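A.B. asks: Below is one structure. I have some questions about it.
The values are calculated or read from the model by the stated rules, or taken from the named source; none is laboratory data. Keep in mind it's a predicted model, so treat the numbers as computed, not measured. Here the Cβ is made from the backbone with ideal geometry for all residues, glycine too, and neighbour counts use every protein chain on show.
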Amino acid sequence: MELYKQTAHELHAKLAAKEVSAAEITAAVFDRIDTVEGKVRAYITQTRDLAMAQAKAADEKIARGEAIAPLAGIPGALKDNMCVKGVKTTCASQILANFVPPYDSTVAEKLAAADAVVVGKANLDEFAMGSSCENSSFFPTRNPWDTAAVPGGSSGGSAAAVAAAEAVWALGSDTGGSIRQPAAYCGVVGLKPTYGRVSRYGLVAYASSLDQIGPITRDVTDCALVLAAIAGHDGRDSTSIDAPVPDYSKALVPDARGLKIGLPKEYFVAGMDPAVEKAVYAAIDQLKAMGAEYKEVSMPHTEYALATYYLIATAEASSNLARFDGVGFGHRGEGNDIVAMYKRSRTEGFGEEVRRRIMLGTYALSSGYYDAYYLKALKVRTLIKQDFDRAFGEVDVLVAPIAPTTAFKVGEKVDDPLAMYLQDVCTVPINLAGLPAISLPCGFAGGLPIGLQIIGRPLGEETILRAAYAFEQANDYHRRQAPLGEV
Amino acid sequence: MKITRKDVEQVALLSRLELGENDVEKFTGQLNAILDYIDVLNKVDTSGVEPTAHVLPVKNVMRADEARPSLPRELALANAPEQEDGYFKVPKILEG
């Protein structure tokens with residue numbers, strides 16, 4: 001099989017055995033990018049020189065006979081809202097179109113320490129606000145399984161890059177489903193870790209009580225490897241959890257004996273594609289056949305999660321995005337006084353969805369509406385979290401769909417913000433409760449992948465990885481390749 | 001109709017955004033549709049429920065008060081739209 005189509009763990013074995021060099025792998029990935037990127041458009045910036053230098057350094061380490069980390073010499077992509085020193089970081093926004101960070105994010109630093117290779121910065125919905133990658137102010141990314149469909153969002157570039165074999169692994173960020181939903185739409189594996197498990201230092205903030213960085217990979221084994229490389233406490237992120245990082249690869253056992261799985265029936269919302277529902281139930285049957293115990297659980301506040309999310313996320317965004325004022329960095333518009341300059345800079349720099357969310361959040365926080373909207377949402381958040389606490393008293397993991405449908409067509413929902421928000425109905429509750437959840441392919445409908453969501457307790461990454469691995473190994477979905485570019 | 005055109009104009013001012021005539025119209029309609037949806041929260045009885053701002057038991061984290069290297073001035077200013085004599089430059093703030 002071509003080098004660029006292989007997983008990180010397969011390539012690592014070949015590197016360690018000196019069957020192939022990191023430079024060869026990296027060159028193969030760039031050849032692949034040259035072949036298919038015109039159709040997919042996953043990347044805002046490609047970092048060829050940096051990647052080749054990193055590959056060379058990994059090769060030198062191998063030549064010296066040094067032990068190498070699992071991601072050493074393996075090419076991957078970072079969502080373009082994570083800072084890499086000296087590499088443009090745009091958030092797919094005109095306001096940061098020329099921003100070059102003078103420092104590394106913690107994840108970039110950790111990946112560099114593991115000798116991983118960064119091939120580029122992946123496209124996203126502007127400031128991670130969106131579910132289709134159509135809100136990028138540069139260009140939309142396409143789904144490698146059907147280029148007339150969206151790749152999902154907001155980490156659409158990261159998921160499409162992995163699905164199109166333009167990267168072996170990628171990082172995304174997930175505020176309301178932005179890793180899991182594009183992973184599902186693109187037929188790859190995506191994991192949102194427990195809130196605080198991965199440092200967000202150097203991640204451009206969207207909604208600080210919800211944002212979390214995580215891996216997007218071709219299989220569950222790679223997911224565990226990338227998570228291990230980026231997880232851990234960081235004194236530069238005050239919300240970082242100070243807990244040891246387990247050896248996630250030890251969790252990968254191909255059976256589900258004794259695992260208690262729960263199905264929250266409220267996740268099967270009206271309007272759900274019957275093919276998605278069928279695939280999720282079939283996955284549960286498979287897990288049962290592998291020894292899992294199953295029960296239905298009730299999470300009565302699920303129907304309020306989306307409204308709660310869109311108040312809390314936009315309120316936090318309106319505050320976080322106040323920093324884009326045309327003073328220290330980013331785009332500056334013309335204005336005779338400072339307020340006129342702020343307004344011009346922000347109006348020229350932000351796209352429509354970002355402006356809409358800033359407006360909604362500002363309204364929800366404004367005097368006279370704070371109690372009715374923001375405070376109300378924080379209270380409902382408590383009830384949603386209590387639903388999870390109760391469910392996890394009875395079961396080890398929850399299994400649910402990722403999204404009500406498979407990938408929708410480009411342009412289909414772009415003029416209807418609320419229809420776009422409804423895509424997030426199965427993913428936002430997990431962020432509100434700060435839990436870990438993984439998305440992995442569990443079937444296809446009309447040639448498009450369907451995503452299965454497995455949700456765990458706080459710091460329960462090992463348990464969801466085990467359940468996901470057991471399911472993956474009993475199927476071949478992760479070995480299927482997007483039909484794209486076999487030209 | 002919960003949010004009026006006048007509200008939208010006021011929120012735009014607070015948000016430091018300019019809205020054209022068409023934008024005010026469009027945002028008023030869209031924000032009302034979203035707020036109508038959000039009304040579902042009024043069905044939930046939250047009396048006696050504590051708000052959750054944060055899922056972690058977060059507390060202030062202090063580090064030792066020791067000097068550490070920080071960004072050199074040139075790098076800190078490297079992305080500035082305008083700078084002068086080692087400072088960020090902005091339009092006038094005070095009247096007169």
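A.B. asks: Say whether the condition of being within 29 Å of the chain's Cα centre (by Cα) and assigned to a helix (DSSP H, G or I) is met by at least one residue in the range A:332-343.
C.D. replies: no
A.B. asks: Of the residues B:R68, B:R63, only one is at the interface with chain A (Cβ under 8 Å from one of its Cβ atoms), in a loop (DSSP other than H, G, I, E, B) and surrounded by fewer than 10 Cβ atoms within 10 Å (Cβ to Cβ); which?
C.D. replies: B:R63
A.B. asks: Still on this model: Scan (1) part of a helix (DSSP H, G or I); (2) within 28 Å of A:G196 (Cα to Cα); (3) in contact with a Pro (Cβ under 7 Å, 6 or more places away or on another chain) for the single condition B:L75 breaks and write down its number.
C.D. replies: Looking at each condition in turn, B:L75 falls short on (2).
A.B. asks: Identify, by number, the condition in (1) of a type outside the set (K, R); (2) over 12 Å from A:A160 (Cβ atoms); (3) touching a Phe, Trp or Tyr at 6+ places or on another chain (Cβ under 8 Å) that A:V118 doesn't meet.
C.D. replies: Failed condition: (3).
A.B. asks: Do the conditions hold for A:T106, that is, is it in contact with a helix residue (DSSP H, G or I) (Cβ under 7 Å, 6 or more places away or on another chain) and either under 30 Å from A:D325 (Cβ atoms) or buried (at least 24 other Cβ atoms within 10 Å of the Cβ) (or both)?
C.D. replies: No.
A.B. asks: Of all residues being within 26 Å of A:K85 (Cβ to Cβ) and part of a loop (DSSP other than H, G, I, E, B) in the range B:86-96, which is farthest from the other protein chains (Cβ to nearest Cβ)? Just the residue, please.
C.D. replies: Once the filter is applied, the top-ranked residue is B:G86.
A.B. asks: Mind listing whichever residues of the range A:442-476 are surrounded by fewer than 20 Cβ atoms within 10 Å (Cβ to Cβ) and among the hydroxyl-bearing types (S, T, Y)?
C.D. replies: A:T463
A.B. asks: Kindly provide the set of residues from the range A:314-328 that are more than 7 Å from chain B (Cβ to nearest Cβ), in contact (Cβ under 8 Å) with a residue 12 or more places away in the chain and out of contact with any Leu (no Cβ under 6 Å at 6 or more places or on another chain), ordered by number.
C.D. replies: Across the range A:314-328, the qualifying residues are A:E316, A:A317, A:S319, A:N320, A:L321, A:F324, A:D325.
A.B. asks: Can you confirm whether the range A:329-348 contains a residue that is within 22 Å of A:G176 (Cβ to Cβ), buried (at least 23 other Cβ atoms within 10 Å of the Cβ) and either of a type outside the set (G, A, S) or more than 9 Å from every other protein chain (Cβ to nearest Cβ) (or both)?
C.D. replies: No - not one qualifying residue is present in the range A:329-348.
A.B. asks: In the range B:12-28, how many residues are more than 18 Å from A:S367 (Cα to Cα) and either of a type in the set (S, T, N, Q) or surrounded by 14 or more Cβ atoms within 10 Å (Cβ to Cβ) (or both)?
C.D. replies: Number of matching residues: 9.
A.B. asks: A follow-up question, please. Return yes or no: is A:A69 crowded, with 24+ Cβ neighbours inside 10 Å and more than 30 Å from A:E126 (Cα to Cα)?
C.D. replies: Spelling it out, it is not the case that A:A69 is crowded, with 24+ Cβ neighbours inside 10 Å and more than 30 Å from A:E126 (Cα to Cα).
A.B. asks: Another question, if that's okay. I'd like to verify a number: residues in the range A:357-372 that are at pLDDT below 95 and within 7 Å of chain B (Cβ to nearest Cβ), how many?
C.D. replies: 1
A.B. asks: Can I ask one more? Pick out the one residue from B:V49, B:V40 that is farther than 19 Å from A:L365 by Cα, surrounded by 10 or more Cβ atoms within 10 Å (Cβ to Cβ) and either modelled with pLDDT under 95 or at the interface with another protein chain (Cβ under 9 Å from one of its Cβ atoms) (or both).
C.D. replies: From the options B:V49, B:V40, the qualifying one is B:V49.
A.B. asks: Also, quick follow-up: So B:D45 ticks every box in (1) of a type outside the set (A, V, I, L, M, F, W, C); (2) in a helix (DSSP H, G or I); (3) closer than 30 Å to A:R457 by Cβ but one. Which box is left unticked?
C.D. replies: (2)
A.B. asks: OK, next. Mind telling me which of the residues A:K288, A:K260 ends up being of a type in the set (D, E, K, R), closer than 29 Å to A:V198 by Cβ and at pLDDT 95 or above?
C.D. replies: A:K260
A.B. asks: Still on this model: Given the criterion closer than 22 Å to B:K43 by Cα, surrounded by fewer than 23 Cβ atoms within 10 Å (Cβ to Cβ), within 9 Å of another protein chain (Cβ to nearest Cβ) and touching a Pro at 6+ places or on another chain (Cβ under 8 Å), identify the matching residue among A:L383, A:L375.
C.D. replies: A:L375
A.B. asks: Please state which of the following conditions B:D39 fails to meet, knowing it meets all the rest: (1) within 25 Å of the chain's Cα centre (by Cα); (2) closer than 27 Å to A:G349 by Cβ; (3) not in a loop (DSSP other than H, G, I, E, B).
C.D. replies: Checking B:D39 against (1) within 25 Å of the chain's Cα centre (by Cα); (2) closer than 27 Å to A:G349 by Cβ; (3) not in a loop (DSSP other than H, G, I, E, B), the one that fails is (2).
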